[in-house]
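Just below is one structure, and these are the notes that go with it.
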Amino acid sequence: MSHMEPFPSFAPGDINLLAKALTLLLNERSRAYELAAEIATAKGESMPNHEDFDLTTILRLSRRCAAYVAVQGERSHAPHPITRKFGT
């Protein structure tokens, strides 16, 4: 896994909240894009550009936040090195 840059001014709980918010935003923007595409098709116009809805950027940021939360969760659940048991 690549090195994850820290979010120095955010607590892990804040990052989790941001990840959830970005997921909701992606859902709403995706719906808006789909509706715009339906309307364009019905009118015989060209399809809208998904970049006009920032879908790629929102998805990238959402994945980055979710990955950061997952990495932090793994670190917090890892046993302390002194208490690890080997070979039993």
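Of note:
- Taking segment 12-74 and dividing mean pair separation by its residue count, relative contact order in percent (alpha carbons under 8 Å, at least six apart): 52
- Principal semi-axes in Å for segment 12-74 [√(5λ), Cα gyration tensor, largest first]: 32, 9, 6
- Extending 7 Å from the Cα toward the beta-carbon at both S30 and A67 defines two label points whose distance is 1.9 nm.
The numbers here are math on the coordinates, done by the rules we state, and not lab data. Everything numeric here is computed off the predicted structure, so don't read it as measured data. Virtual Cβ from ideal backbone geometry, glycine too; neighbours counted across all protein chains shown.
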